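Trainee: Questions regarding the structure given below will be posed in turn.
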Amino acid sequence: MDETVTPEAASRLRRPDTTARPAADAPLDAETFARLTGGILASVSQVIDGKPEAVQSALIALLAEGHLLIEDVPGVGKTMLARALAATIDADVRRIQFTPDLLPGDITGVSVFNPVQRQFEFTPGAVFAHIVIADEINRSSPKTQSSLLEAMEERQVTVDGRTHVLPSPFLVVATQNPYEMEGTYALPEAQRDRFLLRISMGYPDAAAEALMLRQRDAVNPLDGLTPVVSARQVTAMIAWARGVHVAPALEEYVVALAQATRSHPDIRLGASPRATLQLVRAAKVRAALDGRSYVIPDDITALLTPVFAHRLIANRSAAGGKAGAAVVADALERIAASVRVPLAARP
């Protein structure tokens, strides 16, 4: 039988004691939820200029108990967004630079023999933190990438037959470069399916880039960020968002969207049941961030591509010279237009 080792027994990377800490946790209500989420968004936006959608997506991934995959070319702020989100939470944070020589044990931990006690002791790896930044995740081998599968899905790792529970909340924010770049390994389908959202930062507009040149020449904006919420508050915010109401008609709408991807002629691999569940969870958080206690169809359609696109695989015969991502995007657009949107009943 597996033994369970709590994360309190694991050594972790902590911020210095001089870091400013938020006030004591207050009972969570709608006003407190809005204040805390507004504080997180405002804090991260100080570092990520002109990208409110990306900042909101990161917060949705955190509060929906999912994981975030940021894919884009180098130098557009992928890692900066991950580090800025981590800096807003008074919690354990670790960053892993994925390289070809990184080993699975570097992530999950290893058992080391203690000659004094004459027994093996578990040494926790870098995954034992509330927020794990997996930088350039697709530069490591598939074997190393797969070491995150259990952690991302079950929030635990198993080493030498012993199960070690990860902290809560737990979020993996991974960055990756496009597959066509040198030195990258494509993420396997099983791992892509464990990411709630995949987003792209994109290049900043001219005004935001000029402002960056003026403000960041001598000062790192991350140095000015302090935690605005605690790990306990994040847990309470997650519970609050889960209480958002989803009408049965909207649940059927999400299922219809997922089933449409599985039968679409241009799609070889459709959305999994995990994708269906995560779309609903993400829609709940989006509704809560908008100040609503119920989900509307716009919440679902707005998140359809970020939640589904990275999980789908296009048929090669349907590409017709287009990249697979373009085929998937076109298919999702047609699916969203063809599946009937439920309407609210008239009083």
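Trainee: Of the numbered conditions (1) within 30 Å of Ala129 (Cα to Cα); (2) touching a residue at least 12 places away in the same chain (Cβ under 8 Å); (3) assigned to a helix (DSSP H, G or I); (4) of a type outside the set (Ser, Thr, Tyr), Pro227 satisfies every one except a single condition; which is it?
Mentor: Going through the list (1) within 30 Å of Ala129 (Cα to Cα); (2) touching a residue at least 12 places away in the same chain (Cβ under 8 Å); (3) assigned to a helix (DSSP H, G or I); (4) of a type outside the set (Ser, Thr, Tyr), Pro227 breaks only (3).
Per-residue answers, yes or no, for (1) touching a residue at least 40 places away in the same chain (Cβ under 8 Å); (2) of a type in the set (A, V, I, L, M, F, W, C); (3) over 20 Å from Leu68 (Cβ atoms):
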site: Met152; (1), (2), (3): yes, yes, no
site: Thr158; (1), (2), (3): yes, no, yes
site: Ala174; (1), (2), (3): yes, yes, no
site: Ser200; (1), (2), (3): yes, no, no
site: Leu213; (1), (2), (3): no, yes, yes
site: Leu222; (1), (2), (3): yes, yes, no
site: Ala231; (1), (2), (3): yes, yes, no
site: Ala241; (1), (2), (3): yes, yes, no
site: Ala247; (1), (2), (3): yes, yes, yes
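Trainee: A further question on this structure: Here are Ser317, Ser293, Ser263: which of them is in contact (Cβ under 8 Å) with a residue 12 or more places away in the chain and surrounded by fewer than 21 Cβ atoms within 10 Å (Cβ to Cβ)?
Mentor: Of Ser317, Ser293, Ser263, the one residue that is in contact (Cβ under 8 Å) with a residue 12 or more places away in the chain and surrounded by fewer than 21 Cβ atoms within 10 Å (Cβ to Cβ) is Ser293.
Trainee: Filter segment 238-262 down to the residues that are over 21 Å from Arg334 (Cα atoms), assigned to a helix (DSSP H, G or I), in contact with a Lys or Arg (Cβ under 8 Å, 6 or more places away or on another chain) and of a type outside the set (Lys, Arg) and list them by number.
Mentor: Ala241
Trainee: Taking segment 330-347, which residues are open to solvent by less than 50 Å² (accessible area, probe 1.4 Å) and either at pLDDT below 70 or among the small types (Gly, Ala, Ser) (or both)?
Mentor: Ala331, Ala336 - these are the residues of segment 330-347 that are open to solvent by less than 50 Å² (accessible area, probe 1.4 Å) and either at pLDDT below 70 or among the small types (Gly, Ala, Ser) (or both).
Trainee: Right, here's the next one. Mind listing just one residue for me: the one in segment 267-286 that is without any contact (Cβ under 8 Å) to a residue 40 or more places away in the chain and closer than 16 Å to Pro297 by Cβ and, of those, surrounded by the fewest Cβ atoms within 10 Å (Cβ to Cβ)?
Mentor: Thr276
Trainee: Within segment 164-214, count every residue that is crowded, with 19+ Cβ neighbours inside 10 Å and of a type outside the set (Lys, Arg).
Mentor: Total meeting the criteria: 19.
Trainee: So, one more: When you go through (1) out of contact with any Lys or Arg (no Cβ under 7 Å at 6 or more places or on another chain); (2) open to solvent by 30 Å² or more (accessible area, probe 1.4 Å) one by one for Pro100, which number turns out not to apply?
Mentor: Unmet for Pro100, out of (1) out of contact with any Lys or Arg (no Cβ under 7 Å at 6 or more places or on another chain); (2) open to solvent by 30 Å² or more (accessible area, probe 1.4 Å): (1).
Trainee: Among (1) in contact with a helix residue (DSSP H, G or I) (Cβ under 6 Å, 6 or more places away or on another chain); (2) under 16 Å from Lys78 (Cβ atoms); (3) among the β-branched types (Val, Ile, Thr), where does Val127 come up short?
Mentor: Tallying (1) in contact with a helix residue (DSSP H, G or I) (Cβ under 6 Å, 6 or more places away or on another chain); (2) under 16 Å from Lys78 (Cβ atoms); (3) among the β-branched types (Val, Ile, Thr), Val127 fails exactly one: (2).
Trainee: Okay, next question. Please verify whether Gln145 is at pLDDT 90 or above, among the polar types (S, T, N, Q) and either open to solvent by 20 Å² or more (accessible area, probe 1.4 Å) or more than 19 Å from Ala275 (Cβ to Cβ) (or both), treating the condition exactly as stated.
Mentor: no
This table checks each residue for (1) among the hydrophobic types (A, V, I, L, M, F, W, C); (2) open to solvent by less than 50 Å² (accessible area, probe 1.4 Å).
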site	(1), (2)
Ile60	yes, yes
Leu63	yes, yes
His67	no, yes
Lys78	no, yes
Arg83	no, no
Ala87	yes, yes
Gly105	no, yes
Gly109	no, yes
Val112	yes, no
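The values are calculated or read from the model by the stated rules, or taken from the named source; none is laboratory data. The structure displayed is predicted, hence computed values, not measured ones. Virtual Cβ from ideal backbone geometry, glycine too; neighbours counted across all protein chains shown. Side chains are part of the model used for accessible areas, which takes the heavy atoms of the whole protein and leaves out ligands, DNA and RNA. Shrake-Rupley method; radii C 1.70, N 1.55, O 1.52, S 1.80 Å.
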